[in-house]
Amino acid sequence: MAKWNQSKPEKLFKRKLLVTSISAALGMAGAPLSIGQEATLEEIIVTARQRAESSQDIPMMINSLTGDELQEQGITTLEDFSRFIGSLNVVSTTPGQNDIIFRGISDGGGYLVDPSASIYLDEQPMTVSSMAPDIYPIDLARIEALSGPQATLYGASSQSGAIRVITNKPDPSEFSGNVGLGMSTVSNGDTGYDVDATINIPINEKFAVRLSAFSAEDGGFIDSVAGVTVYDEASGLGGTKTNAGFVEDDINKIEWSGGRAAAKWFLSDNWSATVSANFQKLEAGGFNDYDPGVGDLKTVKFADEFREDDWEQMSLVVEGDLGFAQLTVAGSYYDRETMYHHDTQTYTAYYMYTFGVYGGYASYDLGSEPTGYLVNDQKNEATTFEARLTGSGATLSWTAGVFYNENEEYWDFKSYVDGYNDSGAAYY
């Protein structure tokens, strides 16, 4: 995916090194540098240990991609990002439904499971029940991947690691803005687009506002083709009902939209306050799964499948210099609503032929060729508060603080079999 005129990341510091002409002694190609000649090594400042440090000075494994690098590589989702990080794997069936795995350590997924790895948006933990959201990469300074354990610095759900999404902050020193436009296409699939805009507005020397918005569409590439229900050789049942009403090309199209508003006030030379609000809406027309027995990137569906994922997040961060240490106080609120709709024909057929009346283990009779679907409507709310002090001396660097997180989760899960009365499967 091509992108143009993207926002520059946070200002990077540069370290100057004195080098000698040892390249000539090693027989390296090219003209050697003379003694005293300066070379410039670009230095990336990260906050992996909850303090601003050079990535070269941290005695730990850390991978970081800047906002420009994310755009150049066409990275949109966590699954895309994981391909550039050796210790990271992301299991996903569609954007927004991700299980983050560092170094092969997984929570196993499922309901009411506390994740072993988390994703942060600035100071806000965003992961709930093995369902890390995809944060659309608009106006980002960088994304950091921190292999664990990270529970001491990042609270719960980060034992195996954490991913930090760092946004660009309002800058009162200059007015700036950009508009980005991209087009994409998928081999044997549909086309897509993305458009975004960012503007930074200085109100005065100590106060600035930064606004971003985006809209995007990723083309689908999975086809629901004509087929019949599952056939059971043991009973000779199935295999006659067709899915004529659900044949469609490129069913897994993704639509994104959202934005961010932030304001930063420099109270003094040593103190600042930043308030921000983020919102994002994602609609997936299907899932990225297919049946190899049917064909490459092809599947047979007997119900419409889709997923909706809406979230909003608000935060206030106060930062200051106490002389002996840096103080950070952050409070945030996160509200996420998701709903998905799954075809269950294969599952109900397996159940009937294995455990139902045709399998001889239960009295449930859903018919010889059952079709149906399930619906999960989920809501998550999280309130987070953190206060921490960071200090350093000639021989000792330290961090101390408190972290509080309160989560509320609600599921309304129902399954349906065509031709039968509605039946609730589980409620939480």
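The values are calculated or read from the model by the stated rules, or taken from the named source; none is laboratory data. These numbers come from a predicted model, not from an experiment. A quick note on method: Cβ atoms are made from the backbone with ideal geometry, for glycine too, and the neighbour counts reach across all protein chains shown. Remember, those area values only see protein heavy atoms, side chains included, never the ligands or the DNA or RNA. Shrake-Rupley method; radii C 1.70, N 1.55, O 1.52, S 1.80 Å.
Scanning region 151-189 for residues that are closer than 19 Å to TYR136 by Cα and assigned to a loop (DSSP other than H, G, I, E, B) gives ASN168, LYS169, PRO170.
With the structure loaded, tell me whether TYR427 is among the hydroxyl-bearing types (Ser, Thr, Tyr), at pLDDT 90 or above and over 28 Å from ALA244 (Cα atoms) or whether it fails that test.
no
When PHE324 is tested against (1) free of Cβ contacts under 8 Å to residues at least 60 places away in the same chain; (2) open to solvent by 70 Å² or more (accessible area, probe 1.4 Å); (3) more than 22 Å from the chain's Cα centre (by Cα), just one condition goes unmet, and that condition is (1). Here VAL318 fits the description: open to solvent by 20 Å² or more (accessible area, probe 1.4 Å), in contact (Cβ under 8 Å) with a residue 24 or more places away in the chain and either among the hydroxyl-bearing types (Ser, Thr, Tyr) or part of a strand (DSSP E or B) (or both).
So that you can scan it fast, the table gives a plain yes or no per residue for (1) surrounded by fewer than 21 Cβ atoms within 10 Å (Cβ to Cβ); (2) in a loop (DSSP other than H, G, I, E, B):
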position: GLU337; (1), (2): yes, no
position: HIS342; (1), (2): yes, no
position: THR348; (1), (2): no, no
position: VAL357; (1), (2): yes, yes
position: TYR361; (1), (2): yes, yes
position: ASP365; (1), (2): yes, yes
position: PRO370; (1), (2): no, yes
